[in-house]
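All remarks here apply to the structure that follows.
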Amino acid sequence: MRQPLSTSILWIFSSLLVLPTTGAEDAIDVGSRRELFVDHYLIDRLDNLQMKLHEPRITHFVPGTPAGHYATVIKEGNLFRRYDRGGEAAFDGEDRETTRYWESKDGIHWTAPNLGLVEVDGSRDNNVIIANTKWIAHNFSPFLDRRPGVPQSRRFKALAGLHKGGGLHAFFSADGIHWKKFQDNHVITHKPFAFDSQNVAFWSETEQCYVCYFRTWATSHGSLRTISRTTSTDFVHWSQPVATDPNLPGEHLYTSGTHPYFRAPHIYIALPTRFLPDRGSSTDIMFMTSRGGNRYDRTFLQAFIRPGLDPAKWGNRSNYAAWGVIPTGADEMSLYVRERRYVLRTDGFSSVRASHEQGELLTKPIRFSGKQLEINYSTSAAGQVQVEIQDPRGKPIPGYRLQECVTIVGDHISRTVSWENGNDVSSLAGKPIRLRVMMTEADLYAIQFNEAGT
């Protein structure tokens, strides 16, 4: 039966109204999490803006700074702990290799406590926690287990081992100094994997399991050094490893350095070593991220940390980033590459950047919880940031329109966005919205909806 013209027009008009819904029902629930602009996860559109990878600033060398390979840095309260490899060895895994332990009160000045635990070269006057154990000290990689309810006796855990020795062993500790094996057998066996670099693990708050990242060979681009991943609920029984395959064609990635970012643990930061065998085995440090699962994001393809002016840093094994980016100040975080310490502003791995011409960021539809919108940003003296809250279709919400936003100028790790009627956004909590950010000569590093005063 032929429909009346008016009915057909009404149907067409209704269909057009449905098209721009933009998936409001699929809005990303950010809750009150801090979200960093290290990827395009929240970004729907960038106009006249770019994603900017920031360069860590190298600090002055402090005498006595540890310089060992495959280092781990852990901050617990006011105590910084560092673990790395010591001892001269003719080959990987030789029993002359040791694991050393260091402490610091600021993450800058380090001491080697005289632990008296094991004898090395005829003396126990040393800071060695593991020695005379073939395969284990080569890449002993501990972490502080932040799983809720973890027993006090097992709040530190570690993996260590080589494929030549059969695979990875699991360890636990109450104090991070005295360690025991979970069991005599390996928890992750070697076939067909390689474990000769730093094999890192941690408790994933978002995935609710332990995650281990380790080195393998197979990639979609052929035989290249790459990264695989396996998971566990008890740190003993691990899933079948899966290759994450983040490599570009011809790109070797050695250590991964994957770990939860301390201010946003649902985002994993990875600082892999890029290895160039055809350039004298020179190395540099890359930057990747992951939000769980068997995938890395490669928004940035260039080097994060270059070897620099020192000729010694252009050789093999010269540039391994320690596992762990650590807060060393209210507005500063540190990362360590052998004896070098680099710093970035807090959350400052990357940003959305505006030049002297105004640019616009539009987010995907999101849902949040909280009362205020906080941003980590920086502007020039002439720059500025303004934020508009829209409905999912892009219509400005009265009270939160761009012309009602108080212009933001300055440089703050935490700044609450305000409009003419104040900064309370709780009436929009739980509803799908978009953020429209207008910027000039500015960087936007992170956003977070939170409770007032938190």
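Looking at region 257-268, is at least one residue over 27 Å from Ile43 (Cβ atoms) and touching a residue at least 12 places away in the same chain (Cβ under 8 Å)? Checked region 257-268: no residue is over 27 Å from Ile43 (Cβ atoms) and touching a residue at least 12 places away in the same chain (Cβ under 8 Å).
Any residue in region 33-42 that is surrounded by fewer than 16 Cβ atoms within 10 Å (Cβ to Cβ) and outside the structural domain of Arg295 (by TED's automatic domain parsing)? Yes, because at least one residue in region 33-42 is surrounded by fewer than 16 Cβ atoms within 10 Å (Cβ to Cβ) and outside the structural domain of Arg295 (by TED's automatic domain parsing). Highlighted here are the strands (runs of 3 or more DSSP E) found entirely within region 358-398 that include at least 3 residues which are not β-branched (Val, Ile, Thr): 359-363, 372-390.
So that you can scan it fast, the table gives a plain yes or no per residue for (1) among the basic types (Lys, Arg); (2) assigned to a strand (DSSP E or B); (3) surrounded by 16 or more Cβ atoms within 10 Å (Cβ to Cβ):
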position: Ile413; (1), (2), (3): no, yes, yes
position: Ser427; (1), (2), (3): no, no, no
position: Gly430; (1), (2), (3): no, no, no
position: Arg434; (1), (2), (3): yes, yes, yes
position: Val437; (1), (2), (3): no, yes, yes
position: Ala442; (1), (2), (3): no, yes, yes
position: Ala446; (1), (2), (3): no, yes, yes
position: Ala452; (1), (2), (3): no, no, no
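Under the condition of being touching a residue at least 40 places away in the same chain (Cβ under 8 Å), of a type outside the set (S, T, N, Q) and under 17 Å from Tyr254 (Cα atoms), the residues counted in region 271-296 number 8.
What pairs come out if I take residues in region 373-402 that are in contact (Cβ under 8 Å) with a residue 40 or more places away in the chain and pair them with residues that are among the small types (Gly, Ala, Ser) and assigned to a strand (DSSP E or B) whose C-beta lies under 6 Å away, six or more apart or interchain? Correct list of pairs: Glu374/Ser414; Asn376/Ala446; Thr379/Ala442; Gly383/Ala442; Val385/Ala442.
If I filter region 123-143 for residues that are surrounded by fewer than 21 Cβ atoms within 10 Å (Cβ to Cβ) and of a type in the set (Gly, Ala, Ser), do I get at least one hit? Scanning region 123-143 turns up at least one residue that is surrounded by fewer than 21 Cβ atoms within 10 Å (Cβ to Cβ) and of a type in the set (Gly, Ala, Ser). The requirement of being farther than 29 Å from Gln448 by Cα, modelled with pLDDT of 95 or more and among the hydroxyl-bearing types (Ser, Thr, Tyr) is satisfied by Thr273.
Selection of region 319-337 for residues being surrounded by 20 or more Cβ atoms within 10 Å (Cβ to Cβ) and assigned to a loop (DSSP other than H, G, I, E, B) yields Asn319, Tyr320, Ala322, Gly324, Val325. When region 88-123 is filtered for residues that are among the β-branched types (Val, Ile, Thr) and part of a loop (DSSP other than H, G, I, E, B), the ones remaining, listed by number, are Ile108, Val118. For region 213-254, filtering for residues that are under 22 Å from the mean Cα position of the chain (by Cα) and in a strand (DSSP E or B) leaves 16. When the residues of region 158-176 are filtered to those that are at negative phi and surrounded by fewer than 17 Cβ atoms within 10 Å (Cβ to Cβ), the one that is farthest from the chain's Cα centre (by Cα) is Lys164.
Residues that are surrounded by 15 or more Cβ atoms within 10 Å (Cβ to Cβ) and at positive phi within region 88-121 comprise Gly93, Gly107, listed in sequence order. Residues in region 399-411 that are over 21 Å from Ala446 (Cβ atoms) and assigned to a loop (DSSP other than H, G, I, E, B): Gly399, Arg401. Out of curiosity, is Asp121 out of contact with any Leu (no Cβ under 9 Å at 6 or more places or on another chain), among the acidic types (Asp, Glu) and within 28 Å of Ser228 (Cβ to Cβ)? So Asp121 fails the test. Residue selection: Arg85 satisfies the criterion of being assigned to a strand (DSSP E or B) and either in the same structural domain as Glu207 (by TED's automatic domain parsing) or buried (at least 21 other Cβ atoms within 10 Å of the Cβ) (or both).
The residue that is surrounded by the fewest Cβ atoms within 10 Å (Cβ to Cβ), counting only those in region 199-225 that are modelled with pLDDT under 95 and in contact with a His (Cβ under 9 Å, 6 or more places away or on another chain), is Leu224.
The values are calculated or read from the model by the stated rules, or taken from the named source; none is laboratory data. Every value quoted in this text rests on a predicted model; they were computed, and no experiment measured them. Every residue, glycine as well, gets a Cβ built from its backbone with ideal geometry; the counts of neighbours run over all protein chains shown.
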